[in-house]
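The values are calculated or read from the model by the stated rules, or taken from the named source; none is laboratory data. It should be emphasised that the depicted structure is a prediction, and the values quoted were computed from it without experimental measurement. Virtual Cβ from ideal backbone geometry, glycine too; neighbours counted across all protein chains shown. The accessibility values were calculated without ligands, DNA or RNA, using every heavy atom of the protein model including side chains. Shrake-Rupley method; radii C 1.70, N 1.55, O 1.52, S 1.80 Å.
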Amino acid sequence: MRDQQAFRTARRDDEFQAFVAGAAGRLLHTATLLTAEVPDDNPRARRLLTLALAHTYARWDGLRGEDPYDRARRYLATRFAHAAWQYHGALRRARPRPRSALSHLSPQERLVVVLRLYEGVAERQTAALLGLPVERVRVLCDRATALLLHPPRDRAPAVVTGAKVAAP
């Protein structure tokens with residue numbers, strides 16, 4: 001009996017290690033895009049990835065035909081949304097320091113754009129995952145895409161000359 005359990009545990013560990021070897025890089029890139037961190041300095045993305053992989057491992061036996069990558073990606077997205085909501089009070093307020101092209105987007109816009117454009121998740125699936133109407137997902141994706149194509153320009157600081165303020 002113990003031999004069977006040890007064999008199942010070893011097989012489970014081997015299957016999970018193979019999954020991590022194949023999927024961790026892409027999941028880390030997804031997490032890095034979500035957090036808008038630079039790839040070389042991404043502690044929040046690495047933490048998100050660790051949590052997603054731990055969650056997937058804990059539920060490995062219960063997947064039963066479900067795609068483990070999809071499960072990990074869903075957990076990554078919902079964990080990011082939850083953390084952004086807790087930390088900033090709303091998904092649309094907080095923006096990280098401008099370190100990447102995605103940093104100009106709100107966390108909700110980033111989440112939608114990463115799921116839709118990078119991960120290729122359908123609008124309906126994205127809407128169901130985030131608990132939003134399909135139309136809202138479409139609007140967020142369109143707005144985020146427009147912002148990525150035409151990023152806001154930083155306004156030049158005003159030049160103070162004596163008592164007058166003049167724009168450069």
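Averaging the Cα positions of each part gives two centres, and for the range 112-140 and the range 15-45 these lie 20 Å apart.
When the range 29-77 is described by a simple charge dipole with +1 on each Lys and Arg Cβ and -1 on each Asp and Glu Cβ, the residue from 69, 33, 58 located farthest towards its positive end is 58. In the assembled protein chains, residue 12 presents an accessible area of approximately 50 Å² (probe radius 1.4 Å). Accessible-area rank, largest first, for 100, 106: 100, 106, with all protein chains present and a 1.4 angstrom probe. Among the GluC sites (Glu not before Pro) found in the range 1-90, those both in a DSSP coil and sparsely packed, with 11 or fewer other Cβ atoms within 10 Å of their Cβ, are 66. Residues 60, 85, ordered by accessible area of protein heavy atoms at a 1.4 angstrom probe radius and largest first, appear as 85, 60.
Residue 5 sits among other residues whose Cβ lies under 13 Å from its own Cβ, and their net charge, with Lys and Arg +1 and Asp and Glu -1, is +1. Report the accessible area of residue 118, computed with a 1.4 Å probe over the heavy atoms of all protein chains in place, in Å² rounded to the nearest 10. Only protein atoms counted, so the area is about 70 Å².
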